[in-house]
1. Only helical DSSP H runs with n ≥ 4 go in: add -39500 (n - 2.57) per run for the chain, normalise by residue count and round the 222 nm mean residue ellipticity to 500 deg cm²/dmol.
2. Which three extents, in whole angstrom, do the alpha-carbon atoms of region 1-96 cover along their principal axes, largest first?
3. I want to verify a result. In a Gaussian network model of the chain, Cα cutoff 10 Å, which of these has the top mean-square fluctuation: 201, 46, 243?
4. Over the chain, what is the relative contact order in percent, taking alpha-carbon pairs closer than 8 angstrom and at least six residues apart?
5. Which of 61, 240, 151 moves most in a GNM of the chain, Cα contacts under 10 Å?
6. Do any of 34/63; 126/152; 129/150; 129/201 go past 19 Å between their Cα atoms, and which?
7. How big is the Cα convex hull of region 115-201 in projection, averaged over all directions, in nm²?
8. Compute the FRET efficiency between residue 211 and residue 246 as 1/(1 + (r/R0)^6), taking r as their Cβ-Cβ distance and R0 = 51 Å, and round to the nearest 0.05.
Amino acid sequence: MELIIYSPSDKDFIQEIKFNHEELKAEISKALDKYRGQIYTPEQIKDAKADRAKLNNFLNALKTKRIELKKQCLKPYDEFEAKLNEIIKLIDYQVNEIDSQVKGFEETSKAEKKLILLKHFELLNKFGKIITFDKIFDPHWLNATYPIDKAKLELQNILVKIEDDLNAIESVETDFRPQMRAKYYETLNLSSAIQENLRLKELQEQEEEYISKKMNPAKYEDPEILEIKFKVFCTKAQLAKLKTFLINEKIKYGAV
């Protein structure tokens, strides 16, 4: 099937709309010279309104002509478009009817493929209800171009990685291992579990420091800085030891 245009042919289509463009432009430009730079006084407002009306009338006449010509040019196209749309609707209807069947087959195929992967997951899953199929499911596995064996292998690799990650968590020396596991089950990300452990440790340290300060406030109070001036009579070796002591104790000193 082929759409054949009998009329007009390519050479019969309007190539250009010719009119007295240059002459009209020149004539109008000359006529507008009298208005350019025109300053109206309050007494000339009536004249200004008359000039505006005169120009607007001519402007509207040009716009009206433009619209009329546009309608004339578009009329055969509008009729052609309406007729062609009737045929397009017929084809669209049939395409949609076939498309609904194709999509039905695709959805059935995806459902069957997902069921196969679910059974494969249940066969390999060692974590019970803690790790669900939906948690690790990748929608790309259901694409028609995605081999089922490749999807099975990826699923298996994910479960192996989960087991390795959980073993790594068990090897961490911490009081927050349950919280680490909980974070991992939520995210399936080992780094997130490690960060959770560090976060909880930091909170614990802050809490312990707070309790210690509350029970031993004097220990954390800033000591009073005393200024004492005195002379020392000692040997050079003793003076060196004294300087070392002052430095180690972070005691400021200077000459008197």
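1. Using -39500 (n - 2.57) per qualifying helix, the result is -23500 deg cm²/dmol.
2. Principal-axis extents of the Cα atoms in region 1-96, largest first: 73, 32, 16 Å.
3. Taking springs between Cα atoms under 10 Å, the residue moving most is 243.
4. 8
5. Taking springs between Cα atoms under 10 Å, the residue moving most is 240.
6. In this structure, 34/63; 129/150; 129/201 exceed 19 Å between Cα atoms.
7. 5.8
8. That gives a FRET efficiency of 0.90.
Every number in this text was worked out from the coordinates using simple rules, so none of it is lab data. Values in this document were obtained by computation on a predicted structure and should not be read as measured data. Backbone-built Cβ (ideal geometry, glycine too); neighbour counts: all protein chains shown.
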